[in-house]
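The values are calculated or read from the model by the stated rules, or taken from the named source; none is laboratory data. Only a predicted model underlies this, so the values are computations on that prediction, with no experimental measurement involved. Glycine gets a Cβ as well: all are built from the backbone with ideal geometry, and neighbour counts include every protein chain shown.
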Amino acid sequence: MDIEQLSTLNSQFSIKRYESHKDSGVEWIGEVPAHWKVKRVKDVGIGGLTNGIFKTKDQFGSGLKLVNVTDLYQKNSVINNENLDRVCATTTETNRYCVRDGDIFFVRSSLKLEGIGVSAIFENGIEATVFECHIIRFRPNQKYVFPKFAIYQLNSNEIRYKFVIVSKTVTMTTISQDKISTVDLIYPSCREQTAIAAYLDTKTAQIDRKIDLLGQKAAEYGKLKHSLINETVTRGLDKTVPMKDSGVEWIGEVPAHWEIKRVKDSSLLQSGDSIVSEQIEEAGLFPVYGGNGLRGYFSKYTNDGDYILIGRQGALCGNINYASGKFWASEHAVVAYLNRSIDIRWYGAMLLVMNLNQYSVSAAQPGLAVDRIKRLLLPVPPFTEQRAIAAYLDEKTAQIDSIVATINSQIDKLKELRKTLINDVITGKIKVIG
């Protein structure tokens, strides 16, 4: 990113280049302004790094406010004090695990590798607050470090990557205090840090607002697409034909010449075949499809042709996918074998608007109640109408999908701009004067 590009984001800030640079001695940073310093996290903190308080489930719900691991996953890296849980704590625990404004917290243990080492800052606390055992507290010495400046570095791609590669995974992924404390950070003067943080707060907020607006726009197109599919598969293309009550509450009236049939009268639903994860390769002869699409490849196949696959297990059970050619359908997918009088694209759209996930049953994980789905009623137009509806929806949804893809591309570019902006400023490639 050059100065001209940055200038389009600026109003009250002055942007230019630093006059002289030096090698920072830190690989990910490279050169920095000559007067900037490089220090380890532990050399600019007070009291060292500390793990949080351990409490049992029955001690939650009342007492002091508690910073939990989930509170660290904030878009702006600032902990939301209003949504904190509460926990019972003794006076000794309160003193040991107290939280102060400017404290920075790291995710110490995470179920997901990419979650490890994420950090957030605590600000504007008005109640006594403690922090829990899955996070680590770092208290910056504000004589040397402005916390908001530090948080931008700590959540940069380079440091986040460094935390990930030094973490350990058993049942959960964890990172030690030592791995965090020895990370190198760069520090200009406190005045510069404050100006940089203020600049980034302002500019990233502007970018985030644009991203949010585009996300809302994409969501509206998603609603439009769903509404279009629902209206078309339940009402048809000809709005002048006589209508009748379908007898199905969520559908209402349908064209009078359409038939009302059970799912099992239109298709045979059958679970796929078992396959263990060790048999699935990253590349191979035939794709393996599970309940949420492609899982990998295998040397054998169960099906050959065009089929609808319905997710059978997990949070996304009931979702609809298509598979063509030779493939292996795993036990996590339900294969729909259609009658000859049923068009596959129309039927897939019909199953989509039926929201099959609502018929899942809870056990260790949600599972689709296939026997119940077989008995569900749906309106079935003549085959020629099915094909006409499918063709119409293919055309119209493709137009919407193209618009959404363009919006998502704009969002991706803004996210990349955000990352580049932060990196350029916190490493001194660009000088900010408040």
All but one of (1) surrounded by 22 or more Cβ atoms within 10 Å (Cβ to Cβ); (2) among the hydroxyl-bearing types (Ser, Thr, Tyr); (3) part of a helix (DSSP H, G or I) hold for residue 289; which doesn't?
-> (3)
Kindly indicate the residue of segment 200-219 that is acidic (Asp, Glu) and in contact (Cβ under 8 Å) with a residue 24 or more places away in the chain and also nearest to residue 156 (Cα to Cα) among those meeting that condition.
-> 201
Single condition residue 269 does not satisfy, out of (1) over 17 Å from residue 376 (Cα atoms); (2) part of a strand (DSSP E or B) | (1)
If you go through segment 107-158 one residue at a time, how many are assigned to a loop (DSSP other than H, G, I, E, B) and under 24 Å from residue 197 (Cα atoms)?
-> 17
Just for segment 220-246: of the residues that are touching a residue at least 60 places away in the same chain (Cβ under 8 Å) and in contact with a Pro (Cβ under 6 Å, 6 or more places away or on another chain), which one is farthest from residue 352 (Cα to Cα)?
-> 246
Mind telling me which of the residues 184, 245 ends up being over 30 Å from residue 112 (Cα atoms), in contact with a strand residue (DSSP E or B) (Cβ under 8 Å, 6 or more places away or on another chain) and either hydroxyl-bearing (Ser, Thr, Tyr) or surrounded by fewer than 20 Cβ atoms within 10 Å (Cβ to Cβ) (or both)?
-> 245
Go through the residues of segment 335-349 one by one and say whether even a single one is surrounded by 16 or more Cβ atoms within 10 Å (Cβ to Cβ), outside any helix (DSSP H, G or I) and acidic (Asp, Glu).
-> yes
Of the numbered conditions (1) exposed (fewer than 13 other Cβ atoms within 10 Å of the Cβ); (2) of a type outside the set (Ser, Thr, Tyr); (3) modelled with pLDDT under 90, residue 268 fails exactly one; give the number of that condition.
-> (3)
Just one of 196, 251 is assigned by TED's automatic domain parsing to the domain that holds residue 150, touching a Pro at 6+ places or on another chain (Cβ under 8 Å) and either surrounded by 13 or more Cβ atoms within 10 Å (Cβ to Cβ) or basic (Lys, Arg) (or both); which is it?
-> 196
Looking at segment 209-225, is at least one residue at pLDDT below 95 and polar (S, T, N, Q)?
-> no
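Taking into account only those residues within segment 337-394 that are of a type in the set (S, T, N, Q) and touching a strand residue (DSSP E or B) at 6+ places or on another chain (Cβ under 9 Å), which is farthest from residue 319 (Cα to Cα)?
Ranking the candidates gives 341 first.
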Starting from segment 56-67, take each residue that is among the β-branched types (Val, Ile, Thr) and list its partners that are at pLDDT 90 or above and not in a strand (DSSP E or B), counting only C-beta distances under 7 angstrom and pairs at least six apart or across chains.
-> 67/79; 67/84; 67/99; 67/122
Criterion (of a type in the set (D, E, K, R), in the same structural domain as residue 315 (by TED's automatic domain parsing) and not in a strand (DSSP E or B)) met by exactly one of 401, 394, 371 | 371
